[in-house]
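Report on the following structure.
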Protein chains: 2
Amino acid sequence: MKAEYLNPFLQATINVLSTMAMLSPKPGKPSIKESDITVGDIMGIIGLTGHSEGSLAVSFSESCALKVVENMIGEKHEEMNEEVADAVGELTNMISGDARSQLQKVGFDFTAAIPTVVRGKDHTVRHVAQGGTTLMIPFSTDDGNFYIEASFSD
Amino acid sequence: MKAEYLNPFLQATINVLSTMAMLSPKPGKPSIKESDITVGDIMGIIGLTGHSEGSLAVSFSESCALKVVENMIGEKHEEMNEEVADAVGELTNMISGDARSQLQKVGFDFTAAIPTVVRGKDHTVRHVAQGGTTLMIPFSTDDGNFYIEASFSD
């Protein structure tokens, strides 16, 4: 995974969350993910192909997901139902789209697959890029935390 | 999702499981997935782009995953660790590759992203293809059940 990919994914996450969910997420320190441990309760995953092959995951705590979706669709949900999952999928799609648009400007063309959303406590996630590293960026908001992970073959 | 996609995914699953894991999975009746409910303990997910956008998920019960991985790598694992996750990711990759090769022969070109593997009891999964349907095919083996899901925008 190229270092140049970091900023587009970070910036896209801030852009989409602030535009679509009226939140101001503060990024923490990006790190190389060394284990499968995750902290989220709901996660959107989207595959990317083109300049290289990869995947992007966006994972929210339950409280953060419910706030994000409330702000996005103007409707409060008390539990993690299918509408919340659809909204997280759509958000993952938009973050991927914003990042791809920035990556294209610096010469890296990517196409996105469709998002898949996984819900469940205590799940672990592992990206299987041959020889690739997985980069993780944590974000904090007043309504809880979330993080993104990106992994690319090159 | 085109009806022509069904058989390549079904056949690829049988091909890969029988070649790589010496199992003879029996396919059940394919159906349109109407809800998020899943039955698996470990799932490989891979995004596809090209003729249309989609994703493929391959989900195993714990007992079936452990047997598949034992047969694949010739080493018995008692629990769902990172090596089991890597093997499930590789298997997902191979099923996608075999299906894409069959689809190419009938004029549908696809490129695959990298697999992501999710582990955890009681997780639910939802594919978010705009206007797309999700097709589910259950398989049974002497060592437990697994299923595949495929969802495409067209």
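If a residue has to be in contact (Cβ under 8 Å) with a residue 40 or more places away in the chain and in contact with a strand residue (DSSP E or B) (Cβ under 8 Å, 6 or more places away or on another chain) to count, how many in the range B:76-96 make the cut?
Our first condition is that a residue be in contact (Cβ under 8 Å) with a residue 40 or more places away in the chain; within the range B:76-96, this holds for B:84-85, B:88-89, B:91-96.
Those left that are additionally in contact with a strand residue (DSSP E or B) (Cβ under 8 Å, 6 or more places away or on another chain): B:84-85, B:88-89, B:91-93, B:95-96.
Looking only at that region, the number is 9.
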Output the residue which, of all residues in the range A:54-106 that are of a type in the set (A, V, I, L, M) and in contact with a Pro (Cβ under 7 Å, 6 or more places away or on another chain), is farthest from A:HIS127 (Cα to Cα).
A:LEU103
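Which residue is nearest to the other protein chains (Cβ to nearest Cβ), if the candidates are limited to the range A:79-99 and must be among the aliphatic types (A, V, I, L, M) and more than 11 Å from the chain's Cα centre (by Cα)?
Quick first cut of the range A:79-99, residues among the aliphatic types (A, V, I, L, M) only: A:80, A:84-85, A:87-88, A:91, A:94-95, A:99.
Going one step further and asking which of them are more than 11 Å from the chain's Cα centre (by Cα), we end up with A:80, A:84-85, A:87.
Details: A:MET80: 9, A:VAL84: 10, A:ALA85: 5, A:ALA87: 10 Å.
Among those that are among the aliphatic types (A, V, I, L, M) and more than 11 Å from the chain's Cα centre (by Cα), it is A:ALA85.
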Identify, by number, the condition in (1) more than 11 Å from every other protein chain (Cβ to nearest Cβ); (2) touching a residue at least 24 places away in the same chain (Cβ under 8 Å) that A:ILE42 doesn't meet.
(1)
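Hey, does the range B:109-125 have a residue that's more than 8 Å from chain A (Cβ to nearest Cβ) and out of contact with any Cys (no Cβ under 9 Å at 6 or more places or on another chain)?
Start the filter on the range B:109-125 by keeping residues that are more than 8 Å from chain A (Cβ to nearest Cβ), which leaves B:109-110.
Those left that are additionally out of contact with any Cys (no Cβ under 9 Å at 6 or more places or on another chain): B:109-110.
Yes, the range B:109-125 has at least one match.
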Of the conditions (1) within 14 Å of another protein chain (Cβ to nearest Cβ); (2) under 13 Å from the mean Cα position of the chain (by Cα); (3) of a type outside the set (Gly, Ala, Ser), A:PHE152 clears all except one; give me its number.
(2)
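Going through the range A:46-81 one residue at a time, which ones are of a type outside the set (Lys, Arg) and assigned to a helix (DSSP H, G or I)?
To start, the set of residues in the range A:46-81 that are of a type outside the set (Lys, Arg) comprises A:46-66, A:68-75, A:77-81.
A:GLU62, A:SER63, A:CYS64, A:ALA65, A:LEU66, A:VAL68, A:VAL69, A:GLU70, A:ASN71, A:MET72, A:ILE73, listed by residue number.
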Just checking, how many residues over the range B:1-22 are touching an Asp or Glu at 6+ places or on another chain (Cβ under 7 Å) and either without any contact (Cβ under 8 Å) to a residue 60 or more places away in the chain or of a type in the set (A, V, I, L, M) (or both)?
2
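Restricting to the range B:88-141, name every residue that is of a type in the set (Val, Ile, Thr), surrounded by 22 or more Cβ atoms within 10 Å (Cβ to Cβ) and touching a helix residue (DSSP H, G or I) at 6+ places or on another chain (Cβ under 7 Å).
Here is the first cut: in the range B:88-141, the ones of a type in the set (Val, Ile, Thr) are B:88, B:92, B:95, B:106, B:111, B:114, B:116-118, B:124-125, B:128, B:133-134, B:137, B:141.
In the following step, the residues that additionally are surrounded by 22 or more Cβ atoms within 10 Å (Cβ to Cβ) were identified as B:88, B:92, B:95, B:114, B:116-118, B:125, B:128, B:134.
Matches in the range B:88-141: B:VAL88, B:ILE95, B:VAL117, B:VAL128.
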Would you mention how many residues in the range A:37-53 are under 13 Å from A:HIS127 (Cβ atoms) and of a type outside the set (Ser, Thr, Tyr)?
6
With in contact with a Pro (Cβ under 7 Å, 6 or more places away or on another chain) and under 24 Å from A:PHE110 (Cα atoms) as the only criterion, which of B:VAL117, B:VAL128 stands out?
B:VAL128
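Counting just the residues of the range B:102-154 that are basic (Lys, Arg) and touching a residue at least 40 places away in the same chain (Cβ under 8 Å), which one comes out nearest to B:SER52 (Cα to Cα)?
In the first step, residues of the range B:102-154 are kept if they are basic (Lys, Arg); the result is B:105, B:119, B:121, B:126.
Narrowing the set further to residues that are touching a residue at least 40 places away in the same chain (Cβ under 8 Å) leaves B:119, B:121, B:126.
Details: B:ARG119: 28, B:LYS121: 31, B:ARG126: 18 Å.
Among residues in the range B:102-154 that are basic (Lys, Arg) and touching a residue at least 40 places away in the same chain (Cβ under 8 Å), the one nearest to B:SER52 (Cα to Cα) is B:ARG126.
Computed from the coordinates by the stated procedures, all read-outs in this text should not be read as laboratory data. Everything numeric in this text was worked out from a predicted model, so none of it was measured. Positions of Cβ are generated from backbone atoms using ideal geometry, with glycine treated the same way; all protein chains shown enter the neighbour counts.
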